1. Under 24 Å Cα-Cα from LYS16, which lysines qualify once same-chain neighbours fewer than 8 residues away are excluded?
2. Starting from the amide H of VAL184, placed 1.01 Å from N in the peptide plane, find each other amide H under 5 Å away whose residue is 5 or more places distant or on another chain.
3. Name the long-range amide H neighbours of GLN44: under 5 Å, sequence gap of 5 or more, or other chain; modelled H, no Pro or chain starts.
4. So what J values fall out for region 58-73 if you push phi through Karplus, 6.51 cos²θ - 1.76 cosθ + 1.60 with θ = phi - 60°, rounded to Hz, Gly and Pro as x?
5. Normalised by the residues of region 111-251, what does the relative contact order come to in percent, with Cα pairs under 8 Å and at least six apart?
6. How far, in nm, would the chain grow between ALA41 and ASP66 when pulled straight, counting 0.36 nm per residue and subtracting the alpha carbon separation?
7. Any idea what the dipole of region 150-193 comes to, in debye rounded to 20, about its Cα centre with Lys/Arg Cβ at +1 and Asp/Glu Cβ at -1?
8. Pick out, from GLY78, SER201, GLY91, the residue whose Cα sits farthest towards the positive end of the charge dipole of the chain, with +1 on the Cβ of Lys and Arg and -1 on the Cβ of Asp and Glu.
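The values are calculated or read from the model by the stated rules, or taken from the named source; none is laboratory data. These figures come from a predicted structure and were not determined experimentally. Ideal geometry is used to build each Cβ from the backbone, glycine not excepted, and the neighbour counts take in all protein chains shown. When the accessible area is computed, the model is the full protein with side chains, heavy atoms only, and any ligands, DNA or RNA have been set aside. Shrake-Rupley method; radii C 1.70, N 1.55, O 1.52, S 1.80 Å.
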Amino acid sequence: MPSNPPMDLPIMENSKPTLLDNVEHHDLRLIPGHSAAWGDAVNQVRVYPNEFAEVQREYPIFFRKDAQGSFYAVALLGFDRDENLFLDGMGWNARYIPAERGRGPFLLGFREGAHDDTPMVLIDPLHPRLSRNEGIPLFLPHGGNAPLLEHHIQILQTLHSGLTLNDDVFGAWLDAGLLAPVKVDIQINDDTGYDIPDLFSINAEALAKLDGAVLAGLNARGYLGLAFQVLTSLANVQQLIALKSRNLQGA
């Protein structure tokens, strides 16, 4: 039987992940798009180092700590609870959707007692985007994967690779002294402001003072470029402020 994946990815309440099968689920379809009804109204979403290049073009990237004290990255999507400023009546208005939201009802799992660690595709059978009557088929008429399913498998591979990479990247940044708390104090207008606690980022001053050996080591592993992508992403806070201001004016 498949076990739950090593991801903190939510599934619908009372639902049990099920192995996707081209016989049992031959007529299963996916309703495309994003909406609040499908769980996309969130003000932040976890992101992974291997998607920073795409994420930093759209969203500010910050870091948080989990209950065990381990770092993880988030893309900030809004300021109020359940607020995704990129979500409108037409869907998710951005060039890139972070993999954890783009995956939809699909998850990765591993077979208990298996001799290899090849991940399997699971589905959340109660997810509202799954249907047998509407949407885009997951399988071709003769049983092969449809292009839509292949696309979501690629997203799951991004998540799997990102999880594998995550601890190593943050470990290297910690060793280099690059992680520091950051104060995020947002003022939208005279009446509306936000102070977002418990966030961390790359310390630009510490990055500038790294010696040649540490810089070379981070660069050789690709982690120096990731640090600069995080810093570049912070300019997107201004885009969030503009979106929030526009929403308030239209309210």
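1. Filter leaves no residues.
2. Excluding prolines and chain starts, which carry no amide H, the hits are ILE196.
3. LEU77
4. With coefficients 6.51, -1.76 and 1.60, one gets 10, 10, x, 9, 10, 10, 10, 10, 7, 5, 8, x, 8, 7, 8, 9 Hz.
5. Computed over region 111-251, the figure is 15 percent.
6. In short, 6.9 nm is gained.
7. That gives a dipole near 100 debye.
8. Going by the Cα projections, it comes out as GLY91.
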